[in-house]
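Colleague: Before anything else, here's the structure in question.
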Amino acid sequence: MQMLLVNLMAAASLAVTAAGDLDWSTHYGNAKRKAEQTNRPLLVVLENPAVAADRLDDTALNGSKERMKSYQLCRVDVTTAYGKRVAAAFGVKELPYTAVTDHSARFITFRKAGKMSSAEWTQALGNSARVITASQRKVQTSNRVYCPT
């Protein structure tokens with residue numbers, strides 16, 4: 001029985017690292033702080049790794065992996081007590097849930113509940129990389145969605 005549990009834990013660990021050489025944090029607070037310090041956009045995925053329909057589909061990332069290296073990456077398991085608090089802060093209703101911030105990691109530029117296609121990943125990663133001019137920022141002020149702290 002213990003061996004089965006060890007094998008299941010090892011398989012779950014491999015599922016999280018299967019996205020190639022991407023460096024995923026599992027702690028949202030630490031990832032957000034690092035994104036702010038390095039002036040990098042934050043990409044957050046909230047998921048239930050035990051349920052295929054509720055976790056990130058790593059195969060959809062294949063065309064975006066190189067671009068993702070310029071992001072601070074975070075995957076949070078919503079089945080843990082900490083993950084439940086993070087999910088509540090984001091107002092998550094459906095999994096997986098993806099949010100991308102601007103370079104300050106203060107404003108969400110893209111968010112989506114549910115599975116994402118390769119095209120949606122391209123769109124999500126393109127939004128935060130876009131440079132926003134001062135005049136565009138004034139227009140967006142009323143539409144800002146703040147990233148949870």
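The values are calculated or read from the model by the stated rules, or taken from the named source; none is laboratory data. Computed from a predicted structure; not experimentally measured. Counting neighbours? That spans all protein chains shown, and the Cβs are built from the backbone with ideal geometry, glycine included. Side chains are part of the model used for accessible areas, which takes the heavy atoms of the whole protein and leaves out ligands, DNA and RNA. Shrake-Rupley method; radii C 1.70, N 1.55, O 1.52, S 1.80 Å.
Colleague: Can you give me the number of residues within the range 60-88 that are touching a residue at least 24 places away in the same chain (Cβ under 8 Å), within 11 Å of LEU46 (Cα to Cα) and more than 12 Å from the chain's Cα centre (by Cα)?
Modeller: Number of matching residues: 3.
Colleague: May I pose another question? List the residue pairs whose Cβ atoms are under 6 Å apart, where the first residue sits in the range 108-124 and is among the charged types (D, E, K, R), the second is open to solvent by 20 Å² or more (accessible area, probe 1.4 Å), and the two are 6 or more positions apart or on different chains.
Modeller: LYS115/ASP57
Colleague: A further question on this structure: With polar (S, T, N, Q) and over 21 Å from PHE90 (Cα atoms) as the only criterion, which of THR38, THR26 stands out?
Modeller: Values: THR26 fails: over 21 Å from PHE90 (Cα atoms).
Just one listed residue meets the conditions, THR38.
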